[in-house]
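The block underneath contains the structure these notes are about, expressed in structure tokens.
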Amino acid sequence: MTSDRLSALVVDDEPVFRRVLRTSLAASGFAVEEARSGEEALGILARSDFDLVLLDVNMPGMGGVAACREIRTHMATIGIVMVTVQDSEGEVVRALEAGADDYITKPIRLRELVARLRAVSRRLQTEDAIEPTTLQAGDLELDVNRHLLYRRGEVVHLTPTEFELLALLMRNQGAPVTHTKLLRSIWGPEYGTELDYLRSFVKTLRQKIEEDPAKPKYIVTEPWLGYRFCNAVDGHSTGSQNASL
């Protein structure tokens, strides 16, 4: 990261929307620049360093997903948050699989946007550090080396697959992880559409780690997309608050 003051590039074809975001983010402590298109964003990123890119999905010319893929190809450690509309789940999935770190839907709530941008920045800083041997959230502690899960200090039995699934979600704490990424990462590249298979494992994990599996606080459903692991201690989450799959 460049400094304690995070730098962000806002990419959107609507001048008024860019201006509002720039003013609001600057008031929240960000150093902000603007780009009118994916093509212009790539040019700016080639000349200047940024911590984060806020990228609209729907733009003329190079669309947001294509721009995201191109940015990620050349900049592995920059944070990318996509801006989308409520009914564009398919585009969100494509954006996440193209390398986006998170997404936010219009109309944008400033506090949520700032929280997501800062969360992406924290995750990237953590990834730059040495891989942790223990993952913690709320009353959960996952010992990566010994393949053990503790809940309130008591060992919880997990199958090897359940352990790998939980570890992957916890390593991406706060970020949405698509169904396809989960399936391919845990079960292999030939997987990707076996949603019922994934859901059954998520259901058993919830039964083992959630206070109320019907109202999960840790493994939260991102409708049509995948799952987001939330730290229950934070007192809030950004995904669906129920166990619907």
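Please identify the pairs in which a residue from region 14-26 that is hydroxyl-bearing (S, T, Y) has its Cβ atom under 6 Å from the Cβ atom of a residue that is surrounded by 13 or more Cβ atoms within 10 Å (Cβ to Cβ) and outside any loop (DSSP other than H, G, I, E, B), counting only partners at least 6 apart or on another chain.
Going by the 6 Å Cβ cut-off, the qualifying pairs are S24/L110.
Taking region 14-29 only, how many residues are open to solvent by less than 60 Å² (accessible area, probe 1.4 Å) and either charged (D, E, K, R) or under 15 Å from I104 (Cβ atoms) (or both)?
Adding up the residues that qualify gives 6.
With region 117-233 as the region, which strands (runs of 3 or more DSSP E) entirely inside it contain at least 2 residues that are open to solvent by 20 Å² or more (accessible area, probe 1.4 Å) and farther than 21 Å from I80 by Cβ?
Ranges flagged: 134-137, 140-143, 148-151, 154-156.
Could you check region 30-100 for helices (runs of 4 or more DSSP H) lying wholly inside it with 2 or more residues that are modelled with pLDDT under 90 and open to solvent by 20 Å² or more (accessible area, probe 1.4 Å)?
64-74, 89-98
The values are calculated or read from the model by the stated rules, or taken from the named source; none is laboratory data. Please read all numbers here as calculations on a predicted model, not as lab measurements. Heads up, the Cβs are rebuilt from the backbone with ideal geometry, glycines too, and the neighbour counts pull from every protein chain shown. For the accessible areas, the whole protein counts, side chains as well, though only heavy atoms, and no ligand, DNA or RNA atoms are used. Shrake-Rupley method; radii C 1.70, N 1.55, O 1.52, S 1.80 Å.
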